[in-house]
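See below for the structure under consideration.
Values in this text are rule-based calculations from the coordinates and carry no lab data. For clarity, every value in this text was computed on a predicted model and none was experimentally measured. Backbone-built Cβ (ideal geometry, glycine too); neighbour counts: all protein chains shown.
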Amino acid sequence: MVEAGVIPKLANFLKSAVEEESKVIRKEARNALVELSKNEYYRILVIEEGLVPVPLIGIAPYRSLTPSLHSWPSLPDGSKIQRTSKGPSRFGASELLLGLNIDDKNANLEEAKMNAIIGRSKQQFLARSGAIEVEDTKLPQSELSKNKQFTLLPWMDGVARLVLILELEDEVSICRAAESIACASINEHLRNSFKEAGAVKNLIQLLDHNSDAIIFAAVGALERLSISNAVCQTIEAEGVIAPLTKMLKNLEMSEGMMEKTLNLLARILDPNRKMKSKFYGGPVNGFKKELDAARGDDDPTGSTRKVYEMPKSKQNTRQDVLAFDVVARLVDMLKHPSLEIQRKVASILEFVATSDSVIDKTISADIESGLLAIFQQVELNELESDVESQLTEILAIQVEEVGLAVSAASRLLTKLLDLEQFRCTINSAHFTKLLHKILKSNIPLQYKDWVAACLVKIDSLYGPFSILEFENPINMEVTLYEKIPRLIEQIRSAFSLEAQEAAVVELNRIISEGMVDATRTVASEGGIFLLVKLIEGGSEKAVEAALSILYNLSMDSENHAAFIAAGAVPALRKIIMSERSQWKRALRLLRNLPT
């Protein structure tokens, strides 16, 4: 049914304005979609149709709702409406109606903000009148909480309802609402809608709650909302770093809570986030106005928003991360057995490493031991490429996780090496040995980039070392275990002939320099098959370089079997018989092969 497109059709029944006699159709469509939404993947398809899952909590919890009716009007996200009139209203409702009469010449309320106002007004009215959930709630309050039932509402009403539930006193209801916000935050539109509806401020306030379940749900919701760069900026401006650092100091924090907290903090402190905000153009579905508003950009029409002003950013709390007890806690987390936690902590410590004022704290916290813990997390000897049984002993997913953690730690170490105080305190020979083993290991190639860069940097700062089996210059090791495999991968997966040509020409340059074991590395990485295929359909320059590499490889008789299996003989004969410009090179190569 899902593959036949039943979800969009049922969603249309639920979202469209239905006549009185069509209420049965609407009800049955909702019931069917609720059943489908119990499947994680189908739920995403339902949300994409503009419907938001909202937990059914019964009428009782809403009785604790006390909306402020006599305060100065504000937008749902907390933005204050500018006071334009100091005198009392001639209609006798000066406090209640202030801000509703907006001068169109000076105002420019974005669609997302207007939808947030409308949604909030609807849901507050339903809650205060006792009409909320009347149709959906038929089970007792205890059964609703036990069975965790939910309904589906159009996104405007659903977003407002979930934010409304966050303001209640019932802990179970708050927890379920936060979980639903995390579940529904699948795209930029909904994440921005939750921000405009005021979810960010309420969720951050919940981080100080007494219930661990509510804190976990709130962190999970904020972590999902922070995927949006614009919403992430708002989360930071609302002062989330202070409670996050406070949570990190808790030694009894569960691993799940720790992982979500670190993920959120790493995303906030990501140094690339500001760059992303400059070059991110927004989605292509016409939702750019909301994104411009979230980033605080001026309206493209040139009008100035004078009716309200965004709340001032709270005092910058990034300094909280630089406190010694927080730095010491983060360094201690580097030794956590979870590879995912190690990777996130290393990313956060990159922010710390950029501050000269805290390098002494970082060294005092023994960050060297934390880095060594990551590099020694897995027995690297089991990952080395010369071990045939490695794929059966270590799952591929574990190798991937090791690669991510090692790459993050190598990136952090590379940045720390810029600081003289750090360089004077570490055992560079030990790091060189470990990184050399990682470079030769079977972790995915894309995670070796920072390992290679870190090795080269250590070599430039301290000079080459000769320890145990590591006697070759670092540049040679980097070429053999990172550069050559990367070039071969580029030949294999390049979409353009230009990229393929550049890779094979560079590979030919390395081989022609006569580096020891370079040809053996090319053969072991499957280069012979790729190069034979390339001489059949590559550009003239690429074919010439490939023939040169193959000629060098053919000098080793151990490679002849691979040449024959790759179909080199007929490919070379074809070049010779067609008298292409490279026929002489092809003939010399053919003479080296058994025919």
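Structure values in brief
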| read-out | value |
| --- | --- |
| At most 10 other Cβ within 10 Å, DSSP loop - GluC sites (Glu not before Pro), segment 490-595 | E513, E579 |
| Members of K38/K335; K246/K344; K27/K201; K38/K122 lying beyond 29 Å, as alpha-carbon distances in this model show | K38/K335; K27/K201 |
| Cross-link pairs beyond the 24 Å C-alpha cut-off, checked among K415/K483; K533/K574; K415/K437; K195/K249; K457/K483 | K195/K249 |
| Cleavage-rule hits (trypsin sites (Lys or Arg not before Pro)) in segment 499-570: DSSP loop, at most 13 neighbouring Cβ within 10 angstrom | none |
| Two-site FRET efficiency, I44 against A213, from Cβ-Cβ distance with R₀ of 30 Å, rounded to 0.05 | 0.80 |
| Q376 paired with L65, simple spin-label distance in nm, labels 7 Å along Cα-to-beta-carbon | 5.8 |
| Length gained when the stretch T425-K122 is fully extended (0.36 nm per residue, less Cα-Cα span) | 102.8 nm |
| Zero-based 10 Å bins, Cα pair distances in segment 482-592, whole percents | 15, 53, 30, 2 |
| Ranking of S357, S22, S37, S226 by count of other Cβ atoms within 10 Å, fewest first | S357, S22, S37, S226 |
| Segment E35-F529, length gained on full extension (0.36 nm per residue, minus Cα span) | 172.7 nm |
| Burial ordering of C183, C424, C454, fewest other beta-carbon atoms within 10 Å first | C424, C183, C454 |
| Qualifying GluC sites (Glu not before Pro) in segment 238-269, DSSP loop, other Cβ atoms within 10 Å at most 10 | E252 |
| Estimated FRET transfer efficiency (A237, A565; beta-carbon r; R0 56 Å; 0.05) | 0.35 |
| Ascending count of other beta-carbon atoms within 10 Å, so fewest first, for M515, M258 | M515, M258 |
| Added length on full extension, which subtracts the Cα-Cα distance from 0.36 nm per residue, V2 to S578 | 201.8 nm |
